[in-house]
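Since the structure comes first, as structure tokens, the remarks are kept for the end.
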Amino acid sequence: MTSSQAIYLVAVGVYVIFFILFGRFFVWKHYADSHYWRRRPALSRDGVADHAKQLGRDLPFFSVIVPARNEADVIGRTVDHMTGLDYAPSRFEVIIATDEKEVLARDRHRRETLSAAAALLDAPGSAEATVGDPEEVVLGLLARFAVTDYIAGRREYRRLALHITHELGEPELVGSASRHSVAVEALAKRLVSDPQPLSLRELRRVSRLAVTAADHIQTDLFASVHLALAVPVAVAFSLVTGHSGAREAAEVVRRTGQAREEVTAHILTVMSGVIARSLAGRLASEQAGSNLAAALQDAYTHRFPTTQDIVEERTAALAAERTGTKPVVKHIVVPADFDGEFPGRRLGRDVSSTKGRALNWALSFTDPRSTSYGFYDAESRPDRNVLLYVATRRLDGDPSAAILQGPVFQVRNFFQMGALCKVASLYQAIAHDWYLPALFKRLPFVGGTNLFIDRVLIERAGGFDATSLTEDLELGVRAYLKCDAWPEFLPYPSSEQTPPTLRGFFRQRLRWGVGHLQVMDKVRANGLYGGPRRRYILRTLWFKGQFEWSVYQAATFIPPVILILAATGHMDVTILPRTLRLALSCVSLIYPLFTFYAYFRYYRFIDPLDRSPGVLQQMWVCVQLLVLPLAAFCFPLPYTAALVLKIMGREPRSWVKTPRTAE
């Protein structure tokens, strides 16, 4: 046997080992299905209520807690979803914990932005090519003028809309006028800043700002009207600011992608120009009448709402509905000087904001009747039956239900992600779906969302660690060491988001990695955690952390090394029969095929209003999923980076919020 043949045999051996490790997915799937997914009971609200009556007990009362800072893009739909969970409305509450610092930051930003917007209108022609916050306020004000004129029935607006919506009909802009103006403003900004025509899919996405999920059938109709109003708004913006991005109505019309015939294009151009001059004149009237400052401030509020604004709006809307059909929604604001402990105190000075700090503040505002707390992120969409399941476990007096952790499928913004993030989101979903039940046999892993904890237990444990970068894992470990509690798998998933950019993905996973190491440091430093439990936890955390991260990262270098050796003639493949080599090559197809399987498996958890891509978009997704080899290298990279930074003493120490995709 030559050295090149020996190298090839070693490469084949490594390949087979990788395939065996990959095959563990199916072992985990069998375990998860047989122990959890196939054992989910058939549940109904009446059935659970009857079960409680037979036991002579009240239905358990739940407090569902959602921390939300700078989450205006997603929190409105989350509140709607949480209040629609299938459970007796009188037996659960939804607590939204926002942060006072968001309001304080908005106040500072508002003063600067409004001053710049006023200066922009006082000196037309000074606008730069970009569209920043002051320009967006002006666009927002013009959009509000256009929407209110359209709703009021102004003839020229209706005629313009009919020319674009003639095949669909003309809808009334029902609902909040301000929400429609946000959609119009967003489209106008796109027409001003980007020379490329708008796509129908992009049009639908922007119009979702103004419609609810229940209105998705009419999204195309709303999108067309929003576009019709955005065209003159974009032209008017250039007239009043001197911005060069949309000076000519004909150019803006061309960017809409709607004017396919010369006659139609001419009509749209003329009408858009007329309306644009009308809008510009109305803004000038506001300025002459000294009303501009108030109008800009109003436009700013609608263009840059805080999380608090959205929560208060949704809370008021829910309160207006028939009494008893929805649970109570509490909006609490975490003071800037709250120390973060449970129950904690106010210090009179600013304290760094973290998720654990917000949760600890919220725990003090739960209903006294609450026996169990549910924790969800600001963009969570849990299964509607989850409370029925947890209630059943509690009614049966199951002690293992003290901590229930469900899977999180972070695929809802799938079509808004980059290629690497798409692949990562699918394999994360597979891991939570199949591997998480097996992980619970070895590690008291607790995630910060889709989590239910017994009230007495979390109070005994002392709440969350507000300084930890992974307050969820830290709580799970502490609950075991201090209270002898161990989490169990909750077979009801929650759909959530993955950071859409590679930078956001890396920062999130880096925080997870550093937080894992931080938990180990805390366990080592705490003398109260002694004995075999402490040693077991440290050993398991090391194996699931430093050891696996290093091994997986090293393994990602093996395939390119093998390819280089093969390309340079350092491997002699003739030592194996041709048929066996062909079989090994065919096995490689399993990995991309499995990735496609995961895509279709979790397709239903993608945002419903995104689940209608065209054939070309679907083909592009399939091409993106073929970056699996590169993605496999990137998966462990944030964790090994955390390990290296920890060794160098340069690991991040501040909590960083995960970026969201607007919904």
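The numbers here are math on the coordinates, done by the rules we state, and not lab data. As the structure is a computational prediction, the values presented were derived from the model and not from experiment. Glycine gets a Cβ as well: all are built from the backbone with ideal geometry, and neighbour counts include every protein chain shown.
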Where Lys and Arg each count +1 and Asp and Glu each count -1, what net charge lies around SER353 among other residues with Cβ under 13 Å from its Cβ? -3
Looking at the chain, send over the antiparallel percent of its DSSP beta bridges, to the nearest 5. 30 percent
Where labels lie 7 Å past Cα in the beta-carbon direction, separation of VAL623 and LEU200 in nm: 2.1 nm
Distance in nm between pseudo-label sites at SER90 and ILE20 (7 Å out along the Cβ direction from Cα): 6.1 nm
For the chain, what percent of Cα pairs sit more than 37 Å apart? 46 percent
Hydrodynamic radius (Kirkwood) for the range 509-663, which is based on Cα pairs only, to one decimal in Å: 19.9 Å
Full-extension gain between THR301 and THR148, please, as 0.36 nm times their residue separation minus the C-alpha to C-alpha distance. 53.4 nm
By the mean-Cβ-within-10 Å protection proxy, highest first, 587-597, 456-466 rank as 456-466, 587-597
For THR501 and ASP107, compute 0.36 nm times the residue count separating them, minus their Cα-Cα distance, and round to one decimal in nm. 139.0 nm
Return one number: the angle in degrees, 0 to 90 and rounded to the nearest 10, between the long axis of the Cα atoms of helix 531-542 and the longest principal axis of the Cα atoms of the chain. 60 degrees
Summing -39500 (n - 2.57) over the DSSP H runs of n ≥ 4 in the chain and dividing by its residue number, what mean residue ellipticity at 222 nm do you reach, to the nearest 500 deg cm²/dmol? -18000 deg cm²/dmol
Full-extension gain in nm, ARG578 to ALA525, via 0.36 nm per residue minus C-alpha separation: 13.3 nm
Straight-distance crosslink candidates among aspartates and glutamates, where the alpha carbon sits under 15 Å from LYS422 and sequence neighbours closer than 8 are dropped: GLU496, ASP607, ASP610
Using +1 at the Cβ of each Lys and Arg and -1 at the Cβ of each Asp and Glu in the chain, identify which of VAL14, CYS634, THR658 lies farthest towards the dipole's positive end. VAL14
In whole µm²/s, the translational diffusion coefficient that Stokes-Einstein assigns to the range 618-663, given a Kirkwood hydrodynamic radius over C-alpha pairs, 20 °C and 1.002 mPa s, equals 158 µm²/s
Gap separating the Cα centres of the range 479-517 and the range 288-340, nearest whole Å: 30 Å
Work out the FRET efficiency for ASP46 and VAL456 from their Cβ-Cβ distance, taking R0 = 25 Å, and round it to the nearest 0.05. 0.30
